[in-house]
Amino acid sequence: MRRRAPFTLPVALLAAGCLAIGLAPVVPVAGAADKTAYPEGATAFQANCALCHGPAGAGVPALAPPITSNPARFAASAEGRRQLAMTVLFGMFGEISVGEVRFNSQMPDFARLDDATLAATLNFVVFDLAHAGAEVEPLTTGEIAAERSHALDGAAVREHRKSLAAAGT
């Protein structure tokens with residue numbers, strides 16, 4: 001009989017918290033980031049985003065939308081790239097629609113993370129999860145830094161996203 005390694009305390013607490021609110025816990029899989037184009041982004045995504053968006057970005061019903069299509073589309077335009085940077089920097093709250101499904105929740109800001117980590121995380125989402133085409137350029141730390149200099153709240157980020165949807169971006 002094979003023995004399984006025990007959970008470490010932080011992972012055990014995360015799993016217990018997830019179960020307490022009715023979510024399946026996200027437990028990082030060793031070596032999973034090795035198969036991605038952006039392994040640093042994969043690590044940051046699993047640590048900061050996977051709890052709500054799911055480990056593969058498929059979303060969690062009634063909690064957070066899937067991020068497997070819009071990020072690739074957004075990354076193909078200047079305003080969409082701004083949206084991606086603003087979302088991770090300042091969070092977003094209020095109702096949005098993804099496909100035919102509406103979500104009304106609050107995404108926290110991740111401004112505490114440095115520009116390189118945020119760019120890597122967005123590139124993981126755009127290229128590894130949303131499978132953007134080769135014509136899309138990776139996001140840069142400079143793009144993140146440029147948006148960091150603007151102070152926004154989550155409602156303003158949602159309004160910018162709304163304008164992109166209205167423009168067909």
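Going by the structure shown, is Arg102 loosely packed, with under 15 Cβ neighbours inside 10 Å and assigned to a loop (DSSP other than H, G, I, E, B)?
no
Could you tell me whether any residue of region 126-139 is surrounded by fewer than 16 Cβ atoms within 10 Å (Cβ to Cβ), touching a helix residue (DSSP H, G or I) at 6+ places or on another chain (Cβ under 7 Å), touching a residue at least 12 places away in the same chain (Cβ under 8 Å) and in a helix (DSSP H, G or I)?
Looking through region 126-139, none of the residues is surrounded by fewer than 16 Cβ atoms within 10 Å (Cβ to Cβ), touching a helix residue (DSSP H, G or I) at 6+ places or on another chain (Cβ under 7 Å), touching a residue at least 12 places away in the same chain (Cβ under 8 Å) and in a helix (DSSP H, G or I).
Could you say which residue among Ala120, Ala72, Ala116 is touching a His at 6+ places or on another chain (Cβ under 9 Å), closer than 21 Å to Pro39 by Cβ and in a helix (DSSP H, G or I)?
Ala72
Out of (1) part of a helix (DSSP H, G or I); (2) in contact with a Leu (Cβ under 9 Å, 6 or more places away or on another chain), the odd one out for Gly57 is which?
Unmet condition: (1).
Considering region 141-158 alone, what residues qualify as being surrounded by fewer than 16 Cβ atoms within 10 Å (Cβ to Cβ) and β-branched (Val, Ile, Thr)?
Once the filter is applied, which keeps residues that are surrounded by fewer than 16 Cβ atoms within 10 Å (Cβ to Cβ) and β-branched (Val, Ile, Thr), region 141-158 yields only Thr141.
So how many residues does region 52-83 have that are at positive phi and surrounded by fewer than 20 Cβ atoms within 10 Å (Cβ to Cβ)? Don't jump to the end; show me each part of the working.
From region 52-83, those at positive phi are 54, 57, 59, 62; that's our starting set.
Subset that is surrounded by fewer than 20 Cβ atoms within 10 Å (Cβ to Cβ): 59, 62.
Of the residues in region 52-83, 2 are at positive phi and surrounded by fewer than 20 Cβ atoms within 10 Å (Cβ to Cβ).
Where a number appears in this text, it was derived from the coordinates with a stated rule and is not lab data. Source: prediction; values computed, not measured. Every residue, glycine as well, gets a Cβ built from its backbone with ideal geometry; the counts of neighbours run over all protein chains shown.
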